[in-house]
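A short worksheet on the structure shown next.
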Amino acid sequence: MAEEIDDSDFYRENFSADSDWEVFNAQLAEILQKWDVQNADWGRELRPEELFSCKWQVESETLNLLRNNIAVEYYEAKVSASEVASPEHEEGSNVCLQRTSCHHDLMSSVNSFGPPISSSNELHMLARIYGLRRFIVLHPVNSQFLKSTSEFNFFLSAAAVSSAEVGSVVPIFVQIYDPKWNFYTGLAFAPALRTNFRLIGLDQPQKECLYLMRQLAMFKEKVPASYTQPAMVSVRMTYALDTMRIRMPMNVPFDHGLNSEDIVVSGEVAPLETMHFHALPHGYTPESRTEIYLVYTWPELTEHVAFDSEQSSDFVPSKAPLGQIYLSVEASSYLSCCLQDYQQAGRVTRTLESYVGRNFSGISSGAEAANPLDQLTEHKLKTRRGQYELPSRAGQSKRLPGPMTENELNELLTYLFPDMHPETALFPYAKESFRDKFDPMRIKSAVPDSLVCRLSCLLATCHAHLGGFEGMAQLWAAFTRQLRMLWDNSLSVPGITPGFPDTRTCLLHQKLQMLNVCVDRRVQREAASKRKQQQQQQQQQTQRTVTTNITDDEQEDDDEDDGEFYDCDEPTSASSSPIKAVLSIRPEGRLQRLSEERLLDEPEEFLYIPVTQEPVPKTEDQLQDDAEIMLKLGPGSGLTTQMMCTSLLSDMEAFKAANPRGQMEDFIRWYSPKDWEQVEDESGKISHQLSVRMTTPGNTWQTVWQQAQPVPVARQKRLFDDTNEALKVLQFLETRNMSEIYALTVIPLLHSAILKIIDLFNNAQVEDVFSAQIEQWLSDLCRLSRAHGSDEMPLIKGALDDLAELERRFYQFRCFERLSGYPKRSTQAQVKRQFEEILKNDNCCTIVNKKLSAAGDVLGSSGGSLYDILNPKQDKDMSERLITKDYVIRLDGDAKTAEKGEYLGPQFMRAIVTGEKLRLCGAFTESTTFI
């Protein structure tokens, strides 16, 4: 029988190959070594509740095991370093030599209980249960979870072997069962100690297990009998008061039936009032509420001090040494929702024509008027000083497609252009409105409540409540059509700061300023042309009266001379013909004398200031385009010199026309006095000469002076073509797509939103409470408004989150104000002082602190007001409002047992009682000296 067995065919399994468990161990150990988990320096002691407010660093790796992905995550609290060493480090006892950060955290009572409101998503459940500052978690990914004991033991044994191999002092946990249940099992090693972490949950435990006395008995059964000292107990009771709702109904400007005042919601009604009208919605959704929790804590007691059983308990609110109130707010504001929704416009690249059709402005492309016959038959506009009359609507009778009717759209336009509709305007532009709150050096926006801010707010409101993108496009098209109508009738745009485009403001405001400059130049030019024609007509009439005896032939000659004058007056460049050279000797275009200054070469003639062309205004994007062109051409390019010196050439030609015998030195004395320097020779005689930059051979000033001809302003080509620039502005606005409209208006929108919130806070007299948050938000908006270019999309998500948080805090204050019994049982000063504590302490306010009260602290008296208001509620049904009981039991070894060589590690158990359910979380330590 033995001869029939072929060893080569029977034994085919290779027992020398690594198993899956060994491969997983090797990979896990490699990861642990990379994370430096063998570092036993546990740092300083944690401050009270520091673990729940500090930042956490999370590192993650993924391992592949039997086609399953296992995530390995390392959590570490970033605790700031301290120069003061801990007492245990200074003593250097044998017990401390065996301890790690895990053991110190388990025995620390200052982080036993975190806030009942989990305000941070970064805080892991294990940190809340055990108070650990460092730990590692293994769990499956891809919606899989461990559900058998063999799987538990597989990963737990791998964690134990890998930790021992690398000398890890960081606890390692394995997540078991469904992740939503938060069950973990784990272990931690020290040089002579091993700590086992176990969690169990009981849905229907025995009644006595829900109280401290039975829990102490279970705890004593788990720890060795060699512990002689009593256990320390920490207890927290959490009660839930009635959820508070304050109804602040929705208010939408030009709502057309959108306001939510008819919605029936339980709770007090407190409408928000604004002193200044802003075209933004406000109010809070009906689901907004504030949940109120009363938390009573016994920080640290010995096990023999307190009694707690089913029959009687010492843990009642009236005996608690520390009482706190927590407010959890869930409030959604219509203003924040409107701003959040407006971000969608930044991702839409559809053109305006795709919403409202082509030629929505009502004119032909590139033409100033739609039809010459319309200009002859339309009603001529008669402008009045200080107010508007309704301009003609020739070419604009076409209705813009969109969700809003003409009456609704006209109502919005009346709000944007109130000066054009004085009989129906309700909100005229105030000259001094909010000027004290607008600093152009801070926020790159526009004057509050100006046309730019009103338009930005209306666009967001239309997007949120009046038709979405279609309503937004309809309003923008109507706005641009109204601008073109103002330009056609030579009317300036209302609600815009006068003057040249201010680059400290937003680009949209600069464009509208440019349009107003074009209107002013156009009016001045047409008025000057009209005066010139009247003067010419008067001269012709005078000439006809004097020369009544002139023959018909002579009259024809005069007509020919007049024709030559008009041709000469056209804006043409100077000619080098002998006739014009002789005529140029006669001074032209003089404005006034330059004090008593005289020409250097002609001391008998005065130096005259010429009439020059006004400076050329430019917007921010035009300046950027010029800079890019000059950068590409380079400094030595002739076109670059021409672009830089166009205005200088015009001024030099005007100066030569006004001072035919003047030299370049005379021009410098007027144009740039700093370059006319005073020098003193060896004999002490004082003289003047040009500066070095003016005398350098081939410099730009000398080159332009040689090119300049004596041409007065009347015959120069205009440096600024107001008609062309105005059409550029109108075309720029009419060709924007939705994302570009969003980029132009988002900063003024945010600026108007924070001013509206400040206005609401002022009416509620709480601006001083939120002053720090408002200043921080304004600083962030200042940085945001200057961080992007004119064509870039600003990233405003963080700013909108902060703004929504500010509005939630305001709702929370209103609820706390009502909870405090204001105004009957408390003053506003008391409410503000306690609410400032809530802002600083993460939604928490102390209502009783017997330690501070016994020491005579002011908090005992000031906090008593709120405690007294809540006290009647506590006497009635506090037992029915109990939602959670937390018991933490700790037991530690002493120095005497360490001297005997017995290293008794820390023992920890937390019992969480929620209704009839019980969860036990244990961390029991055993000595490995003799194992």
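The values are calculated or read from the model by the stated rules, or taken from the named source; none is laboratory data. The model shown is predicted, which means the values in this text are computed figures rather than measured ones. Note that each Cβ is placed from the backbone with ideal geometry, even for glycine, and that neighbours are counted across all protein chains shown.
Scanning the stretch 267-299 for residues that are surrounded by fewer than 15 Cβ atoms within 10 Å (Cβ to Cβ) and in a strand (DSSP E or B) yields a count of 2. Restricted to helices (runs of 4 or more DSSP H) entirely inside the stretch 686-745, those with at least 2 residues that are buried (at least 20 other Cβ atoms within 10 Å of the Cβ) are 700-707, 722-734. Just checking, does the stretch 730-742 include any residue being modelled with pLDDT of 90 or more, under 30 Å from Q830 (Cα atoms), in contact with a Leu (Cβ under 9 Å, 6 or more places away or on another chain) and in the same structural domain as G495 (by TED's automatic domain parsing)? No, that holds for no residue. Quick one: in the stretch 221-243, which of the residues that are part of a loop (DSSP other than H, G, I, E, B) and among the hydroxyl-bearing types (S, T, Y) is surrounded by the most Cβ atoms within 10 Å (Cβ to Cβ)? Ranking the qualifying residues of the stretch 221-243, first place goes to Y227.
Determine whether the stretch 76-96 contains at least one residue that is assigned to a strand (DSSP E or B), of a type in the set (S, T, N, Q), at pLDDT 70 or above and within 44 Å of the chain's Cα centre (by Cα). Among the residues of the stretch 76-96, not one is assigned to a strand (DSSP E or B), of a type in the set (S, T, N, Q), at pLDDT 70 or above and within 44 Å of the chain's Cα centre (by Cα), which makes the answer no. Number of residues in the stretch 343-357 that are surrounded by 21 or more Cβ atoms within 10 Å (Cβ to Cβ) and either in contact with a Lys or Arg (Cβ under 8 Å, 6 or more places away or on another chain) or not assigned by TED's automatic domain parsing to the domain that holds T480 (or both) equals 1. The residues of the stretch 268-298 that are farther than 18 Å from C845 by Cβ and among the aromatic types (F, W, Y), listed by number, are F277, Y284, W298.
Just checking, does the stretch 194-214 include any residue being among the hydroxyl-bearing types (S, T, Y), under 48 Å from the mean Cα position of the chain (by Cα), surrounded by fewer than 22 Cβ atoms within 10 Å (Cβ to Cβ) and modelled with pLDDT of 90 or more? No, every residue in the stretch 194-214 fails to be among the hydroxyl-bearing types (S, T, Y), under 48 Å from the mean Cα position of the chain (by Cα), surrounded by fewer than 22 Cβ atoms within 10 Å (Cβ to Cβ) and modelled with pLDDT of 90 or more. Among residues that are over 52 Å from the mean Cα position of the chain (by Cα) and at pLDDT below 85, D681 is included.
Would it be correct to say that F135 is surrounded by 22 or more Cβ atoms within 10 Å (Cβ to Cβ) and more than 27 Å from L322 (Cβ to Cβ)? Yes. Checking each residue of the stretch 772-793 against the condition of being outside any helix (DSSP H, G or I), of a type in the set (S, T, N, Q), in contact with a helix residue (DSSP H, G or I) (Cβ under 7 Å, 6 or more places away or on another chain) and free of Cβ contacts under 8 Å to residues at least 60 places away in the same chain gives no match. The selection criterion, being assigned by TED's automatic domain parsing to the domain that holds C453 and of a type in the set (A, V, I, L, M, F, W, C), does not hold for F667. Looking at the stretch 808-820, can you tell me whether even one residue there is touching an Asp or Glu at 6+ places or on another chain (Cβ under 9 Å) and in a loop (DSSP other than H, G, I, E, B)? No, the conditions are met nowhere in the stretch 808-820.
Apart from one condition, V110 fits all of (1) buried (at least 17 other Cβ atoms within 10 Å of the Cβ); (2) in a loop (DSSP other than H, G, I, E, B); (3) at pLDDT 85 or above; the exception is (1).
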